[in-house]
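Bear in mind that the values in this text are calculations on the coordinates, not laboratory data. Predicted, not measured: the structure shown is a model, and the values here were computed from it. Using ideal geometry, Cβ is built from the backbone for each residue, glycine included, and neighbour counts are taken over all protein chains shown.
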Amino acid sequence: MGRSLKRFLAGIMALTLGAGLTGCGNSKSAAGAEKVRLMVWSPSEDQSKESGEWLQTMCKKFASEHPEWDITFVYGVADEATATDQVSQDPDASADVFMYANDHLTNLIDAKAIVRFGGKYKEEIESTSSKELLNSLTVNNEIYGVPFTTNTWYMFYDKSVFSDDDVKNLDTMLKKGTVSFPLVNSWYLPAFYLGNGCTLFGNENDESKGVDFGGDKAVDVTNYIIDLASNPNFKIDADGSALAGLRDGSVSAMFTGSWDANAIKEALGDKMGVTSLPTFNINGGQKQMLAYAGSKAIGVNAHSEHMEQAVALAVYLGSEEAQKSHYELRNVIPCNTELLKEPEVAADALVEAQNDTFNNTSVLQPFVAAMSNCWTPVENMGKGIRNKSVTHDNAKEQTEAMNAAMNSNGLN
């Protein structure tokens, strides 16, 4: 075990014991119940008093439903990225059950650190998840986690400036108000290229198909973005400028995700609108912006000593009941198809926008290894357009250079 990992795990245990979270099993379990110890990791927000101690509450409910097991829970704090890194590096010293973002899935599979779900559990996951959601957690027809939320971005806007019809098209919006977009962020900028027919690994996680961000379709997008950046009603979002603009009225729409929803609600109040992505106009035709999309899921460590219980707990933490609690306590947007039918949930515009974007106006963010080559060239394109070093005169040359870099070492 590496020194950094030892420090990480020591920190988790210190926090766990210091916070008094060494969980209670089922105190009323029947005599002879099997003793089980499960370590569970989640982000700190899931375990705080402000969130109603969502994780601890759900685990205790799970234990109460399984009197055949005398469960002791050990809770550790690890966000989705940190958990993935640690489980991949040393699964034997990691949690039995953890949360991860789907774009890290191949790392866990390569490390033989995550289990596949089968039988009744696989059927349950399939019966309560959209096809797009299942695709985000499936490799070689095997499902590797229990989804608990979708992960993508969309559009928030001031309803006093834009009508329901206005927000369907970006160019229409720019005639009526100010729109801010994170142009130099390579998680957002591809939305225009993808919308005009560019592809990443065939948009099927097929690394052999490479990246196709070249040709006339890509050059047309570069030229469109150059014009976009020169529009006085278009602002480049960086370092919180869009949110600040919503507060002072200098910005009327911005692109982000659920993590900014509360702050935007504070800024706009009843004027806050939220919707999936708009179309944009290229060469006289309307094209649909397409966001990157992914999911977050509950995973089970393939090295768990209590596999039956760990798998059952993971399925419960991603269940309709647990997602509803997650939503009510922390506003984590649910993805369970049965829960999404509930009137209160279905009426939430934020829930509708996130899931509509995920299912209809997005492309699954590839999680093949070569995706790491794609971030820097796109970021450089955004910076070049912002800095005016990418112009109409060199748009073709710069676009082809971006495409070549995405298919090689990612450097422009």
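Show the residues, 5+ positions off or on another chain, whose built amide H is closer than 5 Å to the amide H of T149. When sequence neighbours closer than 5 places are left aside, the close amide H contacts are K296.
For the stretch 316-412, the equivalent ellipsoid derived from the alpha-carbon gyration tensor has semi-axes of 41, 16, 11 Å in decreasing order. Kirkwood radius and radius of gyration were both taken over the C-alpha atoms of the chain, and their ratio Rg/Rh is 1.00. The helix-based estimate of mean residue ellipticity at 222 nm for the chain, built from -39,500 (n - 2.57) per DSSP H run of four or more residues and divided by its residue count, is -11500 deg cm²/dmol to the nearest 500. Look at the dipole of the stretch 183-323 built from charges on Cβ: of A238, G257, G318, the Cα furthest out on the positive end belongs to A238. Here's how it looks for G210: its modeled amide H is under 5 Å from those of F201, which are all 5 or more places away or on a different chain.
Summing charges over all other residues whose Cβ lies under 11 Å from the Cβ of S230, with Lys and Arg as +1 and Asp and Glu as -1, gives +1.
So what's the gap between the Cα centers of the stretch 106-141 and the stretch 45-59, to the nearest angstrom? What the calculation gives is 25 Å, centre to centre. The residues packed around K271, meaning those with a beta-carbon under 15 Å from its beta-carbon, carry a net charge of -2 if Lys and Arg are +1 and Asp and Glu are -1. Note that the stretch 336-347 has calculated 3J(HN,Hα) couplings of 5, 5, 6, 5, 5, 7, 5, x, 5, 6, 4, 7 Hz, one per residue in order, obtained from phi through the Karplus relation 6.51 cos²θ - 1.76 cosθ + 1.60 (θ = phi - 60°); glycine and proline are x. Most fluctuating residue of A312, A322, A95 in a GNM of the chain with Cα springs under 10 Å: which is it? Of the options given, A312 has the highest mean-square fluctuation. Karplus-derived 3J(HN,Hα) values for the stretch 134-150, using 6.51 cos²θ - 1.76 cosθ + 1.60 with θ = phi - 60°, are 4, 4, 6, 10, 10, 10, 6, 6, 10, 9, 10, x, 9, x, 10, 6, 8 Hz; glycine and proline are entered as x.
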